[in-house]
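Engineer: Shown below is the structure under consideration.
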Amino acid sequence: MREFLIAGNWKMNGSSAASDTLVSGIVDGIPEGGGFRLLVCPPFPYLASVAIQVSSSAISLGAQNVSEHKAGAFTGETAASMLKELGCGYVIVGHSERRAIFGETSEQVAAKYIAAQAAGIVPILCVGETLEEREASATEDIIDGQLDAVLDAAGVDSFASAVIAYEPVWAIGTGMTATPEQAQDVHRHIRVRLAEQNAELADTVQILYGGSMKGENAPGLLSMPDIDGGLIGGASLKADDFLAIAAAAAAAH
Ligand code: PEP
């Protein structure tokens, strides 16, 4: 059985003090039971202090972005090797905000995915459609395009060390959530697409749901056979909210 991954994407929120409080609250409240892993992805300036806070806990550390370049004259960028040095085990790549606001292309996302893996970091590859695309019945085509860019560049076997997050753009930060059935359909589609190239591997890949996941809707979403956790924005900013999702994962396992 696949383990659940409950990942908090703090985005550009918080302060040093808020980050300390949030992490201590999570560390102190980890639910009993197994079958799940917790991950926090703070803004870059807080990675080093959060790394110390989580070092004696079972919580993993991740970053929200990474450069596709190894090193050099790339002002403002952060190399995967630097994240690794800080203790990051994961990094989010291709979040819809990076694609839409910062113009990241699927090819660039694939290059970031490869850079992360080369440094020994597990990329969390985000894919998802906008509302217009869903209404035009283009959801699967959009997901396939985003996935294929990585499959073509890195190969299916690379997914042995990667996580996928299905994040319908229309459900991110909007309070709208895909129904468990809507999410399950897309998760299944993603797994089948991987299985066309490597069925055994496809069965082991964690596919997270992201889009206004909260304590209230987590049990329904996590009960779906192909939903292996969540990538959580808003509800990852308060320890109790995040822990409620963790508790749903512990109960669903
Ligand atoms: C996200 O941006 O990764 C996300 C899922 O945000 P929210 O939970 O706030 O919708």
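Engineer: Given Ala195, Ala218, Ala202, which one is modelled with pLDDT of 95 or more, crowded, with 21+ Cβ neighbours inside 10 Å and more than 13 Å from the chain's Cα centre (by Cα)?
Structural biologist: Numbers: Ala195 fails: crowded, with 21+ Cβ neighbours inside 10 Å; Ala202 fails: crowded, with 21+ Cβ neighbours inside 10 Å.
Unique residue meeting the criteria: Ala218.
Engineer: Would you pick out the residues in region 14-38 that are assigned to a loop (DSSP other than H, G, I, E, B) and touching a residue at least 12 places away in the same chain (Cβ under 8 Å)?
Structural biologist: Narrowing region 14-38 to residues assigned to a loop (DSSP other than H, G, I, E, B): 14-15, 30-35.
Once the filter is applied, which keeps residues that are assigned to a loop (DSSP other than H, G, I, E, B) and touching a residue at least 12 places away in the same chain (Cβ under 8 Å), region 14-38 yields Gly14, Ile30, Pro31, Glu32, Gly33, Gly34, Gly35.
Engineer: Any residue at all in region 66-81 that is touching a strand residue (DSSP E or B) at 6+ places or on another chain (Cβ under 7 Å) and closer than 20 Å to Leu5 by Cα?
Structural biologist: no
Engineer: Could you check, for region 104-119, whether at least one of its residues is touching a Pro at 6+ places or on another chain (Cβ under 8 Å) and aromatic (Phe, Trp, Tyr)?
Structural biologist: Taking region 104-119 first, the residues touching a Pro at 6+ places or on another chain (Cβ under 8 Å) are 112-113, 116-117.
This time we only want the ones that are aromatic (Phe, Trp, Tyr), so: 113.
Among the residues of region 104-119, at least one is touching a Pro at 6+ places or on another chain (Cβ under 8 Å) and aromatic (Phe, Trp, Tyr), which makes the answer yes.
Engineer: Taking the condition of being crowded, with 24+ Cβ neighbours inside 10 Å and more than 16 Å from the ligand (Cβ to nearest atom), how many residues in region 89-109 meet it?
Structural biologist: Final tally of qualifying residues: 0.
Engineer: Scan region 56-75 for residues that are loosely packed, with under 13 Cβ neighbours inside 10 Å and modelled with pLDDT of 95 or more and jot them down.
Structural biologist: As a first pass, look at region 56-75 and keep what is loosely packed, with under 13 Cβ neighbours inside 10 Å: 56, 58, 70-75.
Scanning region 56-75 gives Lys70, Ala71, Gly72, Ala73, Phe74, Thr75.
Engineer: Here is a follow-up. Looking only at region 1-13, filter to residues that are touching a Leu at 6+ places or on another chain (Cβ under 8 Å) and outside any strand (DSSP E or B); which one of those is surrounded by the fewest Cβ atoms within 10 Å (Cβ to Cβ)? Talk me through it step by step, then tell me what you get.
Structural biologist: In the first step, residues of region 1-13 are kept if they are touching a Leu at 6+ places or on another chain (Cβ under 8 Å); the result is 4-10, 13.
Pick out the ones that are also outside any strand (DSSP E or B) and you get 10, 13.
Numbers: Trp10: 21, Asn13: 15.
Looking at the filtered set, the residue picked out is Asn13.
Engineer: Hey, can you tell me all the residues within region 32-53 that are surrounded by fewer than 19 Cβ atoms within 10 Å (Cβ to Cβ) and out of contact with any Cys (no Cβ under 9 Å at 6 or more places or on another chain)?
Structural biologist: Initial filter on region 32-53 (surrounded by fewer than 19 Cβ atoms within 10 Å (Cβ to Cβ)): 32-35, 43-45, 48-49, 51-52.
If the condition is that a residue be surrounded by fewer than 19 Cβ atoms within 10 Å (Cβ to Cβ) and out of contact with any Cys (no Cβ under 9 Å at 6 or more places or on another chain), then Glu32, Gly33, Gly34, Gly35, Pro43, Phe44, Pro45, Ala48, Ser49, Ile52 are the ones that fit.
Engineer: For region 160-177, which residues satisfy the criterion of being of a type in the set (Ser, Thr, Tyr) and not in a loop (DSSP other than H, G, I, E, B)?
Structural biologist: If we filter region 160-177 for residues that are of a type in the set (Ser, Thr, Tyr), which is where we start, we get 161, 166, 174, 177.
Result: Ser161, Tyr166.
The values are calculated or read from the model by the stated rules, or taken from the named source; none is laboratory data. Not measured: the values here are computed from a predicted model. Quick reminder, even Gly has a Cβ in these numbers, built from the backbone with ideal geometry, and neighbours come from all protein chains shown.
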